[in-house]
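Peer 1: This is the structure I want to talk about, given as C-alpha cells.
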Amino acid sequence: MASVADLVDPERLAALATPANLRLGHSIAADGGVEFTEFGPLLVRARVGGTPDADQHRTVVLKSTSAGLEWSCACTSAKTLFCKHCVAAALATWEKAPTRHNRSR
Ligand SMILES: [Zn+2]
C-alpha cells in the first residue's frame with residue numbers, strides 16, 4: 001500500500017485543494033506551522049498553526065487506506081474539503097518523507 005507521503009505529492013494536492021487553500025497551506029508550512037505528533041507511513045497526525053490573522057491550531061490526520069488518501073481536520077466537518085491545514089500537513093509530510101527521493105515515478 002502507498003504511504004501517506006506517496007499520496008500527497010504536489011500534483012495530487014493541486015487536484016485536491018482549491019487554489020486559495022493551496023496558497024494558504026503553503027504559507028503555513030513555510031512558516032513552520034506544522035508540528036507532527038505522529039508520523040508513520042500510513043498515518044500522519046499533526047498540529048497545524050493558522051495564518052497570522054487567525055492563529056489557531058488544528059489537528060489534521062492524513063491516512064493511507066486501501067481506497068487511497070483519507071483526511072480529516074478539526075476545522076471542518078466537511079469530509080470532502082481538503083482545507084489549508086490539510087495542505088500544510090501534506091506539504092510537510094512530503095518534505096519530511098525519507099523515501100521520496102528514490103521513489104520511481
Ligand atoms: Zn482545516
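Peer 1: I need a count of the residues in the stretch 66-77 that are farther than 22 Å from Gly32 by Cβ, assigned to a loop (DSSP other than H, G, I, E, B) and within 10 Å of the ligand (Cβ to nearest atom).
Peer 2: Adding up the residues that qualify gives 1.
Peer 1: Just a yes or no: is a residue in the stretch 9-17 farther than 21 Å from Pro98 by Cα and within 16 Å of the ligand (Cβ to nearest atom)?
Peer 2: Within the stretch 9-17, one or more residues are farther than 21 Å from Pro98 by Cα and within 16 Å of the ligand (Cβ to nearest atom).
Peer 1: Go through the stretch 78-92 residue by residue and tally those that are assigned to a helix (DSSP H, G or I), within 11 Å of the ligand (Cβ to nearest atom) and open to solvent by less than 20 Å² (accessible area, probe 1.4 Å).
Peer 2: 5
One line per residue, one yes/no per condition, for (1) surrounded by 16 or more Cβ atoms within 10 Å (Cβ to Cβ); (2) closer than 19 Å to Met1 by Cβ:
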{"residue": "Gly25", "(1), (2)": "yes, no"}
{"residue": "Ala30", "(1), (2)": "no, no"}
{"residue": "Leu42", "(1), (2)": "no, yes"}
{"residue": "Gly50", "(1), (2)": "yes, no"}
{"residue": "Val60", "(1), (2)": "yes, no"}
{"residue": "Glu70", "(1), (2)": "no, yes"}
{"residue": "Ala74", "(1), (2)": "no, no"}
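Peer 1: Something else now. Kindly provide the set of residues from the stretch 15-35 that are of a type in the set (Gly, Ala, Ser), over 12 Å from the mean Cα position of the chain (by Cα) and either over 13 Å from Glu95 (Cα atoms) or part of a helix (DSSP H, G or I) (or both), ordered by number.
Peer 2: Once the filter is applied, which keeps residues that are of a type in the set (Gly, Ala, Ser), over 12 Å from the mean Cα position of the chain (by Cα) and either over 13 Å from Glu95 (Cα atoms) or part of a helix (DSSP H, G or I) (or both), the stretch 15-35 yields Ala15, Ala20, Ser27, Ala30.
The values are calculated or read from the model by the stated rules, or taken from the named source; none is laboratory data. In this text, all values refer to a predicted model and were calculated from it rather than measured experimentally. No Cβ is skipped: glycine too gets one built from the backbone with ideal geometry, and neighbour counts run over all protein chains shown. Please note that ligands, DNA and RNA were not included when accessible areas were found on the heavy atoms of the full protein model with its side chains. Shrake-Rupley method; radii C 1.70, N 1.55, O 1.52, S 1.80 Å.
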